Amino acid sequence: MEAEIKLLENGKRLDGRKPDELRNIKIEVGVLHRAEGSCYLEWGGNKVIAAVYGPREAVPRHTQNPLRAIVNARYNMAAFSVDDRKRPGPDRRSREISKVISEALENIILVEKYPRASIDVNIEVLDAEAGTRCAGLTAAGVALVDAGIPMKDIPVACAAGKIENQVVLDLGKEEDNYGSADLPVAISPRTGEILLLQMDGHLTFEEFEKALDLAIKGCHIISDIQKKAIMAKYQSNKEG
Amino acid sequence: MAQEKREIVIPSQLLGEIKNKKAGKGTFVENGKIYAEVLGVLNLNQNYINVIPLKGRYDPVEKDFVIGIVQEAMASSWLVDINAAYPALLHVNEVPWDVEFGETERYLNHGDSIMAKVLQVDQEKKLQITLKDRNLYKIKGGQIIAVEPSKVPRIIGKKGSMITLLKKYTKCRMFVGQNGRIWIDGDEDGVKKVIDTINLIEDEALSYGLTNRIEELLKKDAKDVH
Amino acid sequence: MSITPSIKRDFLENLAKNGKRADGRKFDEFRNIEIETGVISKAEGSARVKIGNTQVIAGIKMDIGEPYPDSPDSGVMTTAAELIPLASPDFEAGPPRENAIELARVVDRGIRESELIEVDKLCIEPGEKVWLVFIDIHIIDFDGNLFDAASIASLAALLTTNVPAERLELGENYPLPLKEPPVSCTSVKFNDVILIDPSLDEEEIAEARLTVATDKNGDIRAMQKGLNGSFTTDEVKKVIKASIDNGKKILEQLYKSVGK
């Protein structure tokens with residue numbers, strides 16, 4: 001389909017952002033009563049909620065690992081979160097995203113402390129606008145901290161992409177639909193190590209380097225937002 | 001040494017170096033540096049850097065007193081939920097009764113609450129508890145509430161000061177399990193007052209002068225009632 | 001699985017004998033209800049409802065499709081509910097089990113039987129094309145009484161739904177044609193005591209449950225008894241009266257929240 005839309009005009013994107021600008025992000029910690037840790041996150045038009053249960057004995061028993069905890073991240077999109085109603089239940093896309101998020105989280109959670117246990121992370125996308133897996137993983141990171149899970153770092157994710165031969169940060173909806181590359185990345189901000197990396201589209205090696213660099217820069221900015229939100233919840237007026 | 005300031009730290013926060021201090025609870029070491037591994041309160045003493053977790057399930061320690069809820073009665077043991085990552089095992093040899101094989105249900109059943117002690121935590125985190133102690137028993141009557149295990153020291157208070165206050169002004173019997181479960185027994189108003197006060201302590205656990213403020217509140221209410 | 005300690009049951013039963021509830025409410029009193037609409041931008045209508053700590057989000061999506069053969073001139077309405085693992089340590093991932101299915105069908109019945117949605121106004125081409133209305137209920141925090149939270153959320157979402165004619169190139173968007181909403185009130189019974197709007201603890205020891213949907217005239221539109229205990233006929237009538245009274249109050253709050 002020919003892209004009739006001009007995604008970039010005079011260096012400004014459809015929503016007025018510069019090529020290296022993030023959409024608005026808002027994070028709230030500890031929003032659910034039953035979950036042991038939780039986080040509500042808004043990122044552009046995305047609204048996601050993440051909840052953590054555990055560590056608890058893994059069931060069924062045959063899934064238990066005698067040496068460490070297993071991390072079960074479940075990413076799900078609500079039926080009403082997209083333009084055309086999505087049939088409830090996990091589809092292949094959701095299951096793949098759940099897997100790559102679980103693997104990213106397994107890296108930074110200190111799983112050896114909880115043999116035979118599972119740490120269950122639930123990510124629900126309530127309102128979707130491109131970049132839901134990054135929003136989900138970022139919210140999951142905060143929910144894990146809120147649940148008191150021991151971790152090496154607080155994971156964070158961000159995507160970069162290409163629209164009309166320009167590498168840009170944090171694709172919005174039309175950019176995701178009509179752009180020519182999408183690169184979601186998750187990192188451990190303390191070390192810079194990459195925990196999640198996917199790409200589809202077409203990038204030259206130089207474009208890839210630029211995009212990766214941009215995405216990682218975006219991750220660091222968002223990492224600050226995560227940390228501020230956590231401190232705001234726990235270091236409120238509790239002194240004196 | 002007393003803590004001057006209650007500082008909150010988060011996972012990955014740099015706290016110090018192993019050439020100066022030892023890495024204590026709630027921390028991990030990488031390339032000679034000590035980092036926080038969990039959301040918690042920084043606790044420094046002469047030799048160690050510790051982080052006391054603010055949230056999370058109970059981390060069982062041998063000899064801790066805990067309140068457990070029986071999940072399942074098996075042939076010669078019971079599985080008990082003690083709000084840890086794993087259920088605890090209570091063996092028939094660790095109860096004050098003479099239990100025949102297969103007769104466990106006659107003594108303790110699903111839903112029963114017990115005051116127990118942590119007997120053993122092994123390498124694989126398998127937990128065992130015991131009821132063999134003068135102070136341990138099956139709980140009858142009263143109410144059980146749950147708080148974050150990290151708040152238990154605040155609810156007990158320095159040398160039991162807070163819990164003594166609560167008992168004094170509400171005339172309730174109370175027992176605080178290290179695993180965050182609290183048993184309360186008394187008249188309706190007393191129990192409600194204890195629960196309300198505990199909720200207040202939970203919200204304000206990090207403040208200073210809390211014990212005095214709670215005492216004032218309890219005194220005031222006691223005067224109003226007559 | 002979360003276990004309810006038996007002394008908690010004794011505690012609640014003793015309180016109930018003295019006419020009291022753990023959170024200080026009267027037997028026929030609801031917890032605080034919060035209603036917020038327009039919370040999901042992708043949905044044609046949406047609402048977030050909190051009853052105490054129970055939290056539910058309902059989203060309305062609309063599309064064009066074929067009518068049922070036995071009602072060729074009517075729009076089609078379907079209701080689905082998800083008890084997602086987010087909401088409770090006891091909810092498992094997977095296809096909806098009986099609890100979720102019962103919840104969806106009871107909410108559906110209340111709406112359908114009250115003819116809230118004017119489905120005869122949702123016909124585009126008789127026998128060929130009609131509007132489909134999807135009500136999706138997402139439980140996100142479970143602290144007792146999902147039936148009422150889900151029902152109120154669905155109503156609030158429907159009351160603020162706009163038919164997406166523009167997106168499907170059928171003219172301008174317009175409000176979903178609706179009549180009077182029914183309101184559902186749920187009560188539970190244990191030890192011969194009946195309580196409305198059960199908290200999680202009360203629900204866990206309940207022997208029987210009764211949901212009654214009433215309209216603004218105090219007429220009954222739908223009922224559902226759940227769990228394996230029983231009610232006497234007098235008890236049923238008492239529940240209906242309490243539902244009618246509370247229903248009127250909730251309806252007022254509902255209208256206020258959607259700006260009527």
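Quantify how strongly other chains surround peptide C:88-95 by giving the mean number of their Cβ atoms within 10 Å of each of its Cβ atoms.
4
Label B:N109 and A:E164 with points 7 Å out from Cα along Cα→Cβ: what is the distance between them in nm?
7.4
Relative contact order of the range A:13-231, please, whole-number percent, based on alpha carbon pairs below 8 angstrom and at least 6 residues apart.
Worked out over the range A:13-231, it gives 22 percent.
PRE reach from B:F101 (point 7 Å along Cα→Cβ): which of the range B:63-94 fall under 17 Å by backbone N?
It comes to B:74-78, B:91-94, nothing else.
From the Cα gyration tensor of the range C:1-132, with a ≥ b ≥ c the square roots of its eigenvalues, which class applies: rounded if a/c is under 1.5, or else prolate if a/b is larger than b/c, or else oblate? Mind showing how you got there, number by number?
Values: a/c = 2.50, a/b = 2.24, b/c = 1.12.
Prolate shape, in that a/c is at least 1.5 and a/b is the bigger ratio.
Among B:Q71, B:L89, B:L119, flag the residue with its Cα farthest along the positive direction of the charge dipole of the range B:65-138, charges on Cβ as +1 for Lys/Arg and -1 for Asp/Glu.
Comparing the listed Cα positions along the dipole, B:L119 ranks first.
Compute the whole-percent fraction of alpha carbon pairs in the range C:124-260 spaced more than 24 Å apart.
Cα-Cα pairs of the range C:124-260 separated by over 24 Å account for 41 percent.
Please compute the average number of Cβ atoms from other chains found within 10 Å of each residue's Cβ in peptide A:141-149.
5
Quick one: compute a quarter of the convex hull surface over the Cα atoms of the protein assembly as shown and quote it in nm².
Answer in nm², one decimal: 36.9.
If the viscosity is 1.567 mPa s and the temperature 4 °C, what Stokes-Einstein diffusion coefficient in µm²/s follows for chain A when Rh is the Kirkwood radius over Cα pairs?
70
Can you tell me the alpha carbon radius of gyration of chain C divided by the globular rule-of-thumb value 2.2 N^0.38 Å?
The reported ratio for this selection is 1.04.
Of all trypsin sites (Lys or Arg not before Pro) in the range C:153-209, which ones are in loop regions per DSSP and have a Cβ with at most 15 other Cβ atoms within 10 Å?
Numbers: sites: C:R167, C:K179, C:K189, C:R209; in loops: C:R167, C:K179.
Listed in order of number, the matching sites are C:R167, C:K179.
In a Gaussian network model over chain B where Cα atoms closer than 10 Å are linked, find which of B:V29, B:V121, B:V147 has the largest mean-square fluctuation.
For chain B, modelled as a Gaussian network with Cα springs under 10 Å, the answer is B:V29.
Kirkwood Rh and Cα-based Rg: tell me the resulting Rg over Rh for the range B:96-226, rounded to two decimals.
1.05
Relative contact order for chain C: what percent, with Cα pairs under 8 Å and sequence separation of 6 or more?
Working: 548 pairs, mean separation 53.1, N = 260.
Value for chain C: 20 percent.
So for A:H220, C:H138, A:H33, fewest C-beta neighbours within 10 Å to most, what's the order?
Starting with the residue having the fewest Cβ neighbours, the order is A:H220, A:H33, C:H138.
Out of C:I35, C:I64, C:G19, whose Cα points farthest toward the positive end of the dipole of the range C:13-136 (charges: +1 Lys, Arg; -1 Asp, Glu; placed on Cβ)?
Checked the options; the winner is C:G19.
Quick one: putting +1 on the C-beta of Lys and Arg, -1 on the C-beta of Asp and Glu, what dipole do you get for the range B:82-165 around its Cα centre, in Debye to the nearest 20?
Working: 12 positive and 10 negative charges, 135 e Å.
For this selection, approximately 640 debye.
Let me check against my output: what whole-number percent is the relative contact order of the range B:39-151, with C-alpha pairs under 8 Å and at least 6 apart?
Over the range B:39-151, the number comes to 27 percent.
Would you mind checking the range A:110-124 for residues with the amide N under 20 Å from a putative spin-label position 7 Å along Cα→C-beta of B:Q123?
The answer is A:111-117, whose backbone nitrogens lie closer than 20 Å to the label point.
How would you order A:164-172, C:147-155, A:113-121, C:247-255 from highest to lowest mean count of nearby Cβ atoms within 10 Å?
C:147-155, A:113-121, A:164-172, C:247-255
With runs of 4+ DSSP H residues as the only contributors, calculate the mean residue ellipticity of the protein assembly as shown at 222 nm using -39,500 (n - 2.57) per run, divided by the residue total and rounded to the nearest 500.
Details: 13 runs with 186 residues, N = 726.
My calculation for the protein assembly as shown gives -8500 deg cm²/dmol from helical runs alone.
What spacing in nm lies between the two simple spin-label points modelled at A:L110 and C:N191, each 7 Å away from Cα in the Cβ direction?
Roughly 4.5 nm, to one decimal.
What residue among A:E209, A:E42, A:E103 shows peak mean-square fluctuation when chain A is described by a Gaussian network model with Cα springs under 10 Å?
Judging by the Gaussian network model, the answer is A:E209.
Using Cβ counts within 10 Å as a stand-in for footprinting exposure, how do A:K86, B:K159 rank, fewest first?
Ascending Cβ contact count within 10 Å gives the list B:K159, A:K86.
Over the range A:137-224, what portion of Cα pair distances is larger than 15 Å, expressed as a whole percent? Could the numbers behind the result be given before it?
Values: 2154 of 3828 pairs.
Counting pairs separated by more than 15 Å, the tail of P(r) holds 56 percent.
Measure nothing but the geometry: give the 0 to 90° angle between the long axis through the Cα atoms of A:132-146 and the longest principal axis through the Cα atoms of chain A, rounded to 10°.
So the inclination is approximately 30 degrees.
Label point 7 Å out from B:F65 along Cα-to-Cβ: which residues of the range B:109-126 have amide N under 18 Å?
It comes to B:113-120, nothing else.
For A:97-110, what's the mean count of beta carbons from other chains sitting within 10 Å of each residue's beta carbon?
Partner-chain Cβ atoms within 10 Å, mean over residues of A:97-110: 1.
Using only Cα atoms, what Kirkwood radius does the range A:89-184 have, in angstroms?
For the range A:89-184, inverting the mean 1/r across all distinct Cα pairs yields 14.8 Å.
By its C-alpha gyration tensor, with a ≥ b ≥ c as the square roots of the eigenvalues, how is chain B shaped: rounded for a/c under 1.5, else prolate for a/b larger than b/c, else oblate?
oblate
What distance in nm separates the simple spin-label points at A:E174 and B:E215, each placed 7 Å from Cα in the Cβ direction?
6.8
What FRET efficiency do you get for B:Y137 and C:N99 if R0 is 30 Å and r is their Cβ-Cβ distance, rounded to the nearest 0.05?
0.25
If you add up the charges near A:E206, with Lys and Arg at +1 and Asp and Glu at -1, over every other residue whose beta carbon is less than 14 angstrom from its beta carbon, what do you get?
Here the charged neighbours net out to -1.
To the nearest 20 debye, what is the magnitude of the charge dipole of the range A:143-212 about its Cα centre, counting +1 on the Cβ of each Lys and Arg and -1 on the Cβ of each Asp and Glu? Intermediate results must be reported in sequence, preceding the final value.
Numbers: 5 positive and 13 negative charges, 60 e Å.
My answer is approximately 280 debye.
Given the Cα-Cα distance of C:E128 and C:D245 and 0.36 nm per residue of separation, how much length would full extension add, in nm?
Result for the pair: 37.8 nm of gain on full extension.
Computed FRET efficiency, Cβ-Cβ of C:S41 and C:D73, R0 25 Å: what is it to the nearest 0.05?
Efficiency computed from Cβ-Cβ geometry: 0.20.
Only the coordinates and a few stated rules stand behind these numbers; no lab work does. Note that the coordinates shown come from a computational prediction; the quantities given were computed from them, not determined experimentally. Every residue, glycine among them, receives a Cβ derived from its backbone with ideal geometry; neighbour counts consider all protein chains shown.
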